[in-house]
Amino acid sequence: MRLVGMMGLGLALASLTAPALADVKAGVDAWQRGDYAAAIKEWRPAAIAGDPDAQFNLAQAYKLGRGLPVDLKQAESWYQKAAAQGHIQAADNYGLILFQNGNRKEALPWIQKSADRGEPRAQYVLGTALFNGDLTEKDWIRAYALMTRASSAGLPQASTTLAQMDQYIPLDQRQKGTALARDLELKAARPQSAAIAAAELPPSQPAMKGPGTSYPPPGQPAPAPVTRPAAPPPARTQAAATPAAPKPMATVATPARSGPWRIQLGAFSEPGRAKALWSSLERNVSGLGGLQPFMVKAGAITKLQAGPFQTKAQAESQCAAVKRSGQACLAVKA
């Protein structure tokens, strides 16, 4: 997801006066200096006058609580105003904040359109809904395809959920989902930024425990506002493949040399990220040093697994140690 610039920017520029452009740019300059109050002062008049970028920026400020108290209803209102004028980033965020504010039925059409454009957060939410049959009919093939695309974009929640889906969706449907994911990638209207997309969701948590289970709403905070010309967002921590330095772990019993169980540590669009994560975890998490890593290809995705274990209980015991380091982990059958 790219949250800088906007589709049809040339047409928008042609229809606005120079002072309006200057107000939006001046507001972003103030925002990037950390002077959020000054940014709001620049954007609010332009937003009231109908400038869609200023409306989107003001919504971001309300969502982040910078220069203003956090107010998701106000953020929703300003996203809606900008979205009604064709502002793509506002439309993406409008659907997600409707969902977050509890208006899931109203949010679904917006989320579907965002997912069709290749927006990873929307693909994550819609994929989970399609898996559970929540607000829409169950479609495990499309659910798997959407979750595969969101995982490829770098969403850790999507990678964890994809591993959970592997436990329930039959192999033939997963294969069809993987093929559909490639089609969706080709049809997406615009490329996505994995780092920004990943920052849009809360820390990784299981989205499903089985068919019919509900899922968490898309989370907080949004990247920085847009400007004319497009400016990059303020520096923020990217969602990385490798976890933060873990705390010392208790010793875990050495697993068996053979067995049908493994642990899954993530799914990545780039095999190098899977290898880098294994290198980091192997050094820092007790018990992993005696395991064999497996790079399991699933279409465009590389799943990082390790093992083997004779029993599920052994795999889950090792997963508990991994999770204490801050890394998602799931026991899976090889």
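The values are calculated or read from the model by the stated rules, or taken from the named source; none is laboratory data. In this text, all values refer to a predicted model and were calculated from it rather than measured experimentally. Here the Cβ is made from the backbone with ideal geometry for all residues, glycine too, and neighbour counts use every protein chain on show.
Some notes on this structure:
Each row is one residue, and each column tells you yes or no for (1) closer than 22 Å to GLU185 by Cβ; (2) of a type in the set (Val, Ile, Thr).
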site: GLY50; (1), (2): no, no
site: ALA54; (1), (2): no, no
site: LEU58; (1), (2): no, no
site: GLY65; (1), (2): no, no
site: LYS73; (1), (2): no, no
site: ILE88; (1), (2): yes, yes
site: GLY95; (1), (2): yes, no
site: GLN100; (1), (2): no, no
site: ALA129; (1), (2): yes, no
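Here's the yes/no breakdown for (1) surrounded by 23 or more Cβ atoms within 10 Å (Cβ to Cβ); (2) assigned by TED's automatic domain parsing to the domain that holds ARG149; (3) under 19 Å from GLN157 (Cβ atoms):
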| position | (1), (2), (3) |
| --- | --- |
| GLY95 | yes, yes, yes |
| PRO109 | no, yes, no |
| LYS113 | no, yes, no |
| ARG121 | yes, yes, yes |
| VAL125 | yes, yes, yes |
| ASP134 | no, yes, yes |
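Yes/no matrix, rows are residues, columns are (1) in contact (Cβ under 8 Å) with a residue 24 or more places away in the chain; (2) over 25 Å from ALA274 (Cα atoms):
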{"residue": "HIS87", "(1), (2)": "yes, yes"}
{"residue": "ALA91", "(1), (2)": "no, yes"}
{"residue": "SER114", "(1), (2)": "no, yes"}
{"residue": "LEU126", "(1), (2)": "no, yes"}
{"residue": "TRP140", "(1), (2)": "yes, yes"}
{"residue": "TYR144", "(1), (2)": "yes, no"}
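- Subset of region 275-334 that is assigned to a strand (DSSP E or B) and over 24 Å from the mean Cα position of the chain (by Cα) - its residue that is modelled with the lowest pLDDT: LYS333
- Residue list for region 157-168, restricted to those being more than 18 Å from TRP261 (Cα to Cα) and either among the hydrophobic types (A, V, I, L, M, F, W, C) or surrounded by fewer than 24 Cβ atoms within 10 Å (Cβ to Cβ) (or both): ALA158
- Within region 160-181, considering residues that are of a type in the set (Ser, Thr, Tyr) and under 15 Å from VAL125 (Cβ atoms), the one modelled with the lowest pLDDT: THR160
- Residue selected from region 281-302 under the condition under 21 Å from SER317 (Cβ atoms), free of Cβ contacts under 8 Å to residues at least 40 places away in the same chain and not hydrophobic (A, V, I, L, M, F, W, C), by the criterion surrounded by the most Cβ atoms within 10 Å (Cβ to Cβ): GLY287
- Of the residues making up region 103-162, those that are on the phi > 0 side of the Ramachandran plot and in contact with a Leu (Cβ under 9 Å, 6 or more places away or on another chain) are GLY118, LEU135.
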